[in-house]
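No lab work stands behind these numbers, since they all come straight from the coordinates. These numbers were taken from a predicted model, which means no experiment stands behind them. Here the Cβ positions follow ideal geometry from the backbone for every residue, glycine too, while neighbour counts run over all protein chains shown.
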């Protein structure tokens with residue numbers, strides 16, 4: 001008997017292309033950044049701005065950025081395949097005022113989902129606990145480590161220059177969605 005898995009997924013930088021913010025950052029801060037320049041998750045030091053300045057900028061531009069975000073390469077096919085047999089539960093640090101924009105993005109791009117939760121903060125432990133997830137997909141290093149350690153589940157860490165710190169064994173680094181899918185498909189065969 002196949003057991004349906006409950007897959008938890010971050011959205012930004014995980015399901016969406018990690019390059020999403022770069023054109024906006026370059027335009028508004030007069031930079032010429034590439035993804036390789038983003039060696040830490042906190043953009044304030046890279047942009048040489050205060051946290052208040054960053055959040056003021058985010059408040060003005062985040063809706064547009066999220067509306068126009070592209071999917072990460074190969075994510076769409078993988079998610080369509082997995083949704084046939086598993087629950088896809090998205091848990092994002094996006095704030096609640098972005099609920100409609102977020103849901104519209106999933107609908108207009110035909111990205112499958114069973115539930116979308118905007119937790120409004122980076123700490124996702126309560127949401128992971130509530131949804132009793134079997135696996136999680138993340139791009140933020142400390143989130144991946146915290147989830148893996150707290151729940152002893154595999155966490156697929158989508159590789160980016162800003163998350164290359166050491167990780168526990170059950171944090172599995174994937175360079176792209178093809179690698180992530182291969183690891184997860186093997187894991188599914190072993191656990192079902």
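For the stretch 163-192, filtering for residues that are farther than 20 Å from residue 150 by Cα and in contact with a helix residue (DSSP H, G or I) (Cβ under 6 Å, 6 or more places away or on another chain) leaves 3. Scanning the stretch 79-101 for residues that are part of a helix (DSSP H, G or I) and crowded, with 19+ Cβ neighbours inside 10 Å turns up 79, 82.
Condition check ((1) exposed (fewer than 13 other Cβ atoms within 10 Å of the Cβ); (2) closer than 12 Å to residue 91 by Cβ; (3) within 17 Å of the chain's Cα centre (by Cα)) across all residues:
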{"position": "115", "(1), (2), (3)": "no, yes, yes"}
{"position": "118", "(1), (2), (3)": "no, yes, yes"}
{"position": "121", "(1), (2), (3)": "yes, yes, yes"}
{"position": "138", "(1), (2), (3)": "no, yes, yes"}
{"position": "141", "(1), (2), (3)": "no, no, yes"}
{"position": "158", "(1), (2), (3)": "no, no, yes"}
